[in-house]
Amino acid sequence: MLKRFFILCSGADKELIAQSSNGEQNKYAGIGGTIFFTAMMATIAASYALYTVFDNYYTAIFFGLIWGLLIFNLDRFIVATIKKKDQRYKEVLQALPRLVLAVIIAIVISKPLELKIFEKEIDRVLLEEKNDYTLANKEQIATQYSPELTTIDSGISNLKKEIQEKETEVNALYLTYIAEAEGTSGTKKLGKGPVYKEKREKHDAAQAELMALKKINTEKIALLEKEKLALTERFEEQLSTSQPIIDNFDGLMARINALDKLPWLPSFFIFLLFLAIETAPILSKLMSPKGEYDYRLETQEEEIKSWTKQQKTQRDIVVETDHIINDKVYQDMAEEEELYAYKKKVARELMQKQQDAFYKRQTDIL
């Protein structure tokens with residue numbers, strides 16, 4: 001049962017292979033088995049690759065099966081269309097396009113499996129890239145808000161600086177009128193005289209200005225802090241909106257690019273393995289000598305060619321004979337007086353009707 005199934009997979013003629021020896025059947029069963037298992041590997045590879053795209057098991061398996069059937073049909077077609085020739089170079093020439101196609105199929109099949117085999121290493125590369133993208137994204141977004149934030153911070157600093165300068169001025173005036181009262185500076189007279197009173201009034205005025213300045217600048221600083229908080233929230237919101245895009249940067253193309261950044265030798269050996277599997281049926285058929293099945297197939301094709309050629313020759317003879325008979329019939333009819341007289345009568349009537357129609361048209365014009 002399994003042998004018959006693999007022979008079916010090889011694309012061999014069912015009736016001809018049944019008439020061949022057991023060894024010949026085993027050869028084609030081996031070729032069919034290679035085709036079948038290659039299609040299975042293609043199904044697995046495509047399912048994994050599509051899962052990274054759709055992130056859904058059912059969709060990935062469904063389209064993976066379709067891809068596997070496509071590869072199975074292509075491989076079966078490639079092997080079935082290779083015919084054994086008497087000259088080796090003719091076989092190689094007819095196999096070259098099929099080998100190129102087999103190489104392409106091997107690349108397509110091996111790449112998703114490479115992604116799965118080196119999944120951990122690829123995840124590490126993707127993590128590094130995501131971190132780089134996160135930092136770059138943060139810097140890029142920050143450049144949009146930095147000028148405004150810098151302006152706000154500068155404004156807050158200037159307002160605080162004004163308060164500090166005014167406080168310094170008030171403290172200096174305080175020390176001045178205290179020193180005047182103690183007699184350590186100014187008039188150097190102990191007690192609260194007119195100069196003390198004047199300096200105290202100046203300090204109190206500056207103190208009032210300081211309180212008013214603090215109230216005004218505090219309100220301005222609060223508004224600037226509120227504006228800065230709004231900008232910061234917008235900055236964080238834009239970061240949180242763009243971050244999921246970076247976090248989801250692990251699609252098929254990203255993984256393929258990450259795979260290219262890994263050492264190429266292990267990936268190359270996996271490709272060679274699948275290339276050997278994919279080209280094995282073609283190469284085995286090319287290298288194997290002409291077998292019983294090939295002779296039977298060649299005999300059948302020659303019989304069909306001979307029968308087709310014979311039928312065409314017979315049709316050509318029938319057509320040529322029919323032409324000769326028709327020529328002779330028309331030649332004999334041309335010599336008959338009765339037919340000549342009838343055609344002459346008909347021609348005369350036709351010419352009379354043409355002449356009458358012409359005369360009537362000319363009369364109507366005049």
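The values are calculated or read from the model by the stated rules, or taken from the named source; none is laboratory data. Everything quoted here is computed from the prediction, not taken from an experiment. All Cβ positions, even for glycine, are placed from backbone atoms using ideal geometry, and neighbour counts span all protein chains on display.
If you go through segment 270-289 and keep only what is without any contact (Cβ under 8 Å) to a residue 40 or more places away in the chain and either within 29 Å of the chain's Cα centre (by Cα) or within 19 Å of residue 71 (Cα to Cα) (or both), you end up with 272, 276, 283.
With 235, 249, 274 as the choices, which residue is over 30 Å from residue 178 (Cα atoms), not in a helix (DSSP H, G or I) and not aliphatic (A, V, I, L, M)?
Checking each option against the conditions leaves just 249.
When segment 93-106 is filtered for residues that are out of contact with any helix residue (DSSP H, G or I) (no Cβ under 7 Å at 6 or more places or on another chain) and either hydrophobic (A, V, I, L, M, F, W, C) or at pLDDT 75 or above (or both), the ones remaining, listed by number, are 93, 96, 97, 100, 104. Kindly indicate whether residue 292 is over 30 Å from residue 106 (Cβ atoms), out of contact with any Phe, Trp or Tyr (no Cβ under 7 Å at 6 or more places or on another chain) and either free of Cβ contacts under 8 Å to residues at least 12 places away in the same chain or of a type in the set (D, E, K, R) (or both). Judged against the criteria, residue 292 is a match.
One line per residue, one yes/no per condition, for (1) out of contact with any helix residue (DSSP H, G or I) (no Cβ under 7 Å at 6 or more places or on another chain); (2) without any contact (Cβ under 8 Å) to a residue 24 or more places away in the chain:
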site	(1), (2)
3	no, no
26	yes, yes
33	no, no
39	no, no
47	no, yes
75	no, no
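Quick check: anything in segment 73-81 surrounded by fewer than 14 Cβ atoms within 10 Å (Cβ to Cβ) and acidic (Asp, Glu)? No, segment 73-81 has no match at all.
Scanning segment 145-175 for residues that are over 19 Å from residue 208 (Cβ atoms) and either without any contact (Cβ under 8 Å) to a residue 60 or more places away in the chain or β-branched (Val, Ile, Thr) (or both) turns up 146, 147, 150, 151, 152, 154, 156, 157, 158, 161. Please determine, by comparing only the residues of segment 157-177 that are aliphatic (A, V, I, L, M) and within 20 Å of residue 200 (Cα to Cα), which one is surrounded by the fewest Cβ atoms within 10 Å (Cβ to Cβ). Ranking the candidates gives 172 first. Within the span defined as segment 48-63, one or more residues are surrounded by fewer than 13 Cβ atoms within 10 Å (Cβ to Cβ) and at positive phi. The criterion of at least 1 residues that are within 20 Å of the chain's Cα centre (by Cα) is met by the following helices (runs of 4 or more DSSP H) wholly inside segment 1-114: 22-54, 57-80.
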